[in-house]
Amino acid sequence: MDKLSLFPTEDGSVTFWSETFQETFHSSHGAKHEAEAKFVIPAKIAEKAKSQTQLNILDVCYGLGYNSAAAITSVSALPEPSAHLHIIALENNLEVPQKAIAAGLVNIWEPAIAQILKIAVEQRSVETKDVTLQLLSGDARQTIGQVPTKWADAIFLDPFSPPHCPQLWTVEFIQLLANCLKPDGYLVTYSSSAAVRAAMLAAGLQIGAIAPIGRKSPSTIAAFAPTALPPISDTEAAFLSTRAAIPYRDRTLQSTASEIIALRQNEQKNSNLPPSSSLRNKK
């Protein structure tokens, strides 16, 4: 069982520190701000909600529920009529949202939205006039099978970092995500890892950059062509031609983190690609 401790962030919101993963669930720059700036705004949730009758979001690694809450907030602020928001959220450890509720962390959101988060955790599903939120518990590699093909207008990919949770950054899992994405949908994540971006490219997606928020590196947005995306820099593109871009693999979708990491390290060791340090040495 993961030991979770409260971790205040710079925008006044509070997240958790995970003893198991040795990471916070959100950036220290601001948990609430991160949900809005790294996920909701780049995925154009408000814009899509203005032009559709239903807007579908797949929230991978629901955690404290902040990304879903930020999306609900964005749509609920629009004048009616706007899209009915349908969120399918995947979470392996329900203790996280349960503790977030018990600690009152969800109260940073409007009362009606906080109430939706509470009911979703208690009943695994909640439906109002404007929002449907389903919370699927278990390994996301299996529960994603309950998400329809070409269903999502947006996918929020928010696991712990690739070195700590490689299971949800593999070629195979990202292919499953791409299968769930609408032709004009967006996949957004905080990671700018070359390995993750290479997996997205392998899944038939194109990649773009999201301006850095509270960190030096940009985040990543992906979509199918011909959707226009903000380009990655020349330096970021160069890393895609190094060993850093060798992706994580999990052909059975059942491998452990250590197995996935060992497989990648072995592939890197035997690769003819230059190491990423060759780029850093040129700076």
Scan region 166-195 and report the pairs whose first residue is within 22 Å of residue 55 (Cβ to Cβ) and among the hydrophobic types (A, V, I, L, M, F, W, C) and whose second residue is at pLDDT below 95 and part of a helix (DSSP H, G or I), with Cβ atoms within less than 9 Å and a gap of 6+ or a chain change. 188/38
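Touching a strand residue (DSSP E or B) at 6+ places or on another chain (Cβ under 8 Å), farther than 18 Å from residue 246 by Cα, crowded, with 21+ Cβ neighbours inside 10 Å and modelled with pLDDT of 95 or more, is that true of residue 210? Don't jump to the end; show me each part of the working.
Details: touching a strand residue (DSSP E or B) at 6+ places or on another chain (Cβ under 8 Å): yes; farther than 18 Å from residue 246 by Cα: yes; crowded, with 21+ Cβ neighbours inside 10 Å: yes; modelled with pLDDT of 95 or more: no.
So residue 210 fails the test.
Of all residues being of a type in the set (Gly, Ala, Ser) and closer than 18 Å to residue 157 by Cα in region 215-226, which is modelled with the lowest pLDDT? Just the residue, please.
To start, the set of residues in region 215-226 that are of a type in the set (Gly, Ala, Ser) comprises 217, 219, 222-223, 225.
Filter once more, so that each one left must be closer than 18 Å to residue 157 by Cα: 217, 219, 222-223.
Values: 217: 77, 219: 93, 222: 98, 223: 98.
Applying the filter and picking the extreme gives 217.
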Restrict the check to region 19-42 and report whether at least one residue is in contact with a helix residue (DSSP H, G or I) (Cβ under 6 Å, 6 or more places away or on another chain), acidic (Asp, Glu) and at negative phi. yes
Of all residues in region 160-198, count the ones that are in a helix (DSSP H, G or I) and within 21 Å of residue 236 (Cα to Cα). 8
Please go through (1) touching a Phe, Trp or Tyr at 6+ places or on another chain (Cβ under 6 Å); (2) free of Cβ contacts under 8 Å to residues at least 24 places away in the same chain; (3) not charged (D, E, K, R) for residue 20 and return the number of the only condition it doesn't satisfy. (1)
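Considering region 232-251 alone, what residues qualify as being within 22 Å of the chain's Cα centre (by Cα), among the hydroxyl-bearing types (Ser, Thr, Tyr) and modelled with pLDDT of 95 or more?
248
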Look through 134, 142, 123 and report the one residue that is at pLDDT 95 or above and either surrounded by 14 or more Cβ atoms within 10 Å (Cβ to Cβ) or touching a helix residue (DSSP H, G or I) at 6+ places or on another chain (Cβ under 9 Å) (or both). 134
For the structure I just gave you, tell me whether residue 34 is farther than 26 Å from residue 127 by Cβ, out of contact with any Leu (no Cβ under 7 Å at 6 or more places or on another chain) and at pLDDT below 90. yes
It is to be established whether one or more residues within region 157-165 are among the aromatic types (Phe, Trp, Tyr) and either modelled with pLDDT of 95 or more or buried (at least 24 other Cβ atoms within 10 Å of the Cβ) (or both). no
Filter result for the condition that a residue is more than 21 Å from residue 47 (Cα to Cα) and among the β-branched types (Val, Ile, Thr), over 75, 96: 96
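Of all the residues that make up region 233-252, how many are touching a Ser or Thr at 6+ places or on another chain (Cβ under 8 Å) and either surrounded by 20 or more Cβ atoms within 10 Å (Cβ to Cβ) or closer than 19 Å to residue 205 by Cβ (or both)?
So in region 233-252, the residues touching a Ser or Thr at 6+ places or on another chain (Cβ under 8 Å) come out as 236, 239, 242-244, 246-250.
Subset that is either surrounded by 20 or more Cβ atoms within 10 Å (Cβ to Cβ) or closer than 19 Å to residue 205 by Cβ (or both): 236, 239, 243-244, 246-250.
Looking only at that region, the number is 9.
Of 89, 70, which residue is modelled with pLDDT of 95 or more, outside any helix (DSSP H, G or I) and within 19 Å of residue 105 (Cβ to Cβ)?
On the way: 70 fails: outside any helix (DSSP H, G or I).
Of 89, 70, the one residue that is modelled with pLDDT of 95 or more, outside any helix (DSSP H, G or I) and within 19 Å of residue 105 (Cβ to Cβ) is 89.
The values are calculated or read from the model by the stated rules, or taken from the named source; none is laboratory data. Bear in mind the structure is a predicted one, so any value in this text is a computation, not a measurement. Positions of Cβ are backbone-derived with ideal geometry, glycine not excepted, and every protein chain shown enters the neighbour counts.
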